[in-house]
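Heads up, the thing below is written out as structure tokens.
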Amino acid sequence: MSFFEWAVQRERKNCANILEKQEWNRPNTLYMVDIKDYGKIYTPQNGEIHGHIFNIHGGGLIAGSTNQNRFFCQWLTDRGYEVCAIEYPLIPEVNFVNQVGFVCSTIENNWPRDNKPVYLIADSAGCLLALIANAILSDGCFMADDFEYKINNLPCIFDGVWLNCPLFETVGFNEVGIFMSRGLYGKNPAFKKYLKNPYEWFGEYLPNTTVIIASQHDKLEKQARKMFQTINCSLGYGSKWIDEHTHDWNVLYPYMDDWTMDLNNWAMTCLELKESCK
């Protein structure tokens, strides 16, 4: 077994364990979910939709599912949003280009036709997919060819983007780049130049209203801060220990306590007010 194959198995086992641990934090009432071939649709129970959200889960591009964000998506519908949780295919069953294409096409094909605000929310490695999709679909047409994506319905302009405990650096001299890059992307793909500096290439396409939440004890915290220093955005800090881990706690356990819900409310308020809430 190669190191990459071992890493895939480990990460998928970790994600399965998270689903079990989440049960103690489940809300009192679970809403009905409309399951589609591209993901899940969460709709406010009273039928009043104030806006739309596309959600991209984490898992290192090799693991995870929309199930791990089910409570977070329900929390978002409680604020009056219709949420499209994208169930993108995983590496190595598909390649990275397939993942990017799946996310982009899902957003294009389900882009709302009303005039209500549309937000993009992602966590962990889902943030990298969010960065790329936002750039390609907003104004980065020149990138589409390198990611082998044919644009159909430009532009898709998000009113705001919220990135939770983001993973941006996956190539080069970092933990993911050294041990995982070849397994994730193959050998010297055309899009690798963008991944070498995702802050500069993709950061400029993020909307003026961009919110990043980072955990003070998360090893990815430096990447969140680096994006914060690259663009003008709001940066929120927090930390909650869950079995010695703090990564993604506010998404995986959104009903944990009032403090966590207040932090998430702060992030959504930043998006809704279209202003910095630093």
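Read the figures in this text as sums done on the coordinates, not as results from a lab. Computed from a prediction, not measured in an experiment: that's the story for all the values here. When we count neighbours, we look across all protein chains shown, and the Cβ atoms used for this are built from the backbone with ideal geometry, even at glycine.
Before moving on, here are some points about what is shown:
- Options (i) 17.4, 51; (ii) 23.0, 81; (iii) 24.4, 78 - which one matches Rg and Dmax of the Cα atoms in Å as calculated here: (i)
- Listed cross-link partners Lys116/Lys150; Lys196/Lys226; Lys13/Lys226; Lys150/Lys193; Lys40/Lys187 are compared with a 24 Å cut-off, the Cα-Cα value being larger for Lys116/Lys150; Lys13/Lys226; Lys40/Lys187.
- Computed over neighbours whose Cβ is under 11 Å from that of Asp34, the net charge equals +1, Lys and Arg +1, Asp and Glu -1.
- Considering only Pro89, Ser181, Thr77, the residue lying farthest towards the positive end of the dipole of the chain is Ser181, judged by Cα position with unit charges set on Cβ.
- Built amide H within the under 5 Å cut-off of Ile212, gap 5+: Leu163, Ser234, Leu235, Gly236
- Mean separation of Cα contacts under 8 Å, 6 or more apart, over the residue count of the chain: relative contact order %: 17
- Axial C-alpha extent at least 18 Å, average Kyte-Doolittle at least 0.0 - helices from the chain (DSSP): 96-109
- Burial ordering of Phe202, Phe96, fewest other beta-carbon atoms within 10 Å first: Phe96, Phe202
- Ranking of Ile62, Ile107 by count of other Cβ atoms within 10 Å, fewest first: Ile62, Ile107
- Beta bridges per DSSP with both ends in the chain, % antiparallel, nearest 5: 25
- Stretchable slack from Arg79 to Asn152, in nm (0.36 nm times residue separation minus alpha-carbon distance): 23.2 nm
- Dipole moment magnitude, nearest 20 debye, the chain about Cα centre, only Lys, Arg, Asp, Glu C-beta charged: 520
- Least to most buried among Asp145, Asp218 (fewest other Cβ within 10 Å first): Asp145, Asp218
- Sum of -39500 (n - 2.57) over DSSP H runs of 4+, divided by residues of the chain (222 nm, nearest 500): -12000 deg cm²/dmol
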